[in-house]
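Each remark here refers to the structure printed beneath this line.
Bear in mind that the values in this text are calculations on the coordinates, not laboratory data. Being a predicted model, the structure only gives us computed values, none of them experimental. Neighbour counts are summed over all protein chains in view; Cβ atoms, including those assigned to glycine, are modelled from backbone coordinates with ideal geometry.
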Amino acid sequence: MKFILAKKHSMTQIFTEEGLVVPVTVLDVTPTIVTQVKNKENDGYSAVQVGYGEKKEKRLSKALKGHFKGFGNFAHVQEFRVSDSEASTMKAGDTIALSAFAPGDIVSVSAISKGKGFQSVIKLHNFKGGPRSHGQKHSEREPGSIGGGLRNKVPKGMKMAGRMGSDRITVKNLKVVQVNPEANLILISGAVPGRRGTLVEIKG
């Protein structure tokens, strides 16, 4: 399995050799360093832990400084589950390069979506709302009755107003359109969750 961390940069569009326009998301990739390799014997599962980005050294705890072993002052640490054979081929300090990906690769992308705050049922659950007819006053966007017969209790899972966004979203079957190792950029077709600067996981 191929994997790497990146940050969302922007969206744009490019033209293929056939003259078709393709919307793409530009992701900024800096070197991802392996900080720990976990195995079933010691940890109960096989995974590769990687560090991404930089943080001021004074903002790291002594435990993290020792854990990073001088490889860098990473702002983000993430784990990727791998097979036993894949874990055995990697060691702490290895660099995961962007060259592992090539145009045409099918990947899945995970990130935290944009936060939209507290929203009504109209935007959050696509409710229709009340009729815009004579006799309505201030209830055009109200949820209406939630039903009776439950002794004035709200049923668990009832769709009501609440927080929207800031959820972990995974988009599968996206295609790598371009890879630019010189500029540390990778272009992926379609939209990727999150705002500019959001940490993005790419898995192939």
Reachable lysines from K56, Cα under 18 Å, same-chain residues fewer than 8 places away excluded? K65, K69
First check a/c for segment 24-76, with a ≥ b ≥ c the square roots of the eigenvalues of its C-alpha gyration tensor; if it is under 1.5, answer rounded, and if not, answer prolate when a/b is larger than b/c or oblate otherwise. oblate
Using the Karplus curve 6.51 cos²θ - 1.76 cosθ + 1.60 with θ = phi - 60°, what ³J(HN,Hα) values do you get for each residue of segment 89-95, in whole Hz, with x for Gly and Pro? 8, 10, 9, 4, x, 5, 9
Rounded, prolate or oblate: which one fits segment 1-110, using the alpha carbon gyration tensor with axes a ≥ b ≥ c (rounded when a/c is under 1.5, else prolate when a/b beats b/c, else oblate)? oblate
Proximal lysines relative to K116, as straight alpha-carbon distance under 29 Å, when same-chain residues fewer than 8 apart are discounted: K7, K8, K55, K128, K137, K153, K156, K159, K172, K175, K203
Under Karplus coefficients 6.51, -1.76 and 1.60, residue-wise ³J(HN,Hα) of segment 159-174 in Hz, glycine/proline x: 6, 9, 5, x, 5, 10, x, 6, 10, 6, 10, 10, 10, 9, 6, 8
Would you look at the GNM of the chain, springs on alpha carbons closer than 10 Å, and say which of A63, A75, A183 moves the most? A63
By its C-alpha gyration tensor, with a ≥ b ≥ c as the square roots of the eigenvalues, how is segment 63-122 shaped: rounded for a/c under 1.5, else prolate for a/b larger than b/c, else oblate? oblate
Toward the positive end of the charge dipole of the chain, about the Cα centre and with charges on Cβ (Lys, Arg +1; Asp, Glu -1), which of G70, I122, P143 goes farthest? P143
E18 to V77: extension gain in nm, 0.36 nm per residue of separation minus the Cα-Cα distance? 17.2 nm
Using a Förster radius of 22 Å, what is the FRET efficiency between R196 and S99 based on their Cβ-Cβ separation? Nearest 0.05, please. 0.30
Apply 1/(1 + (r/R0)^6) to the Cβ-Cβ distance of K114 and V154, taking R0 = 35 Å, and write down the FRET efficiency to the nearest 0.05. 0.80
In square nanometres and to one decimal, what's the mean projected area of the convex hull around the Cα atoms of the chain? 19.3 nm²
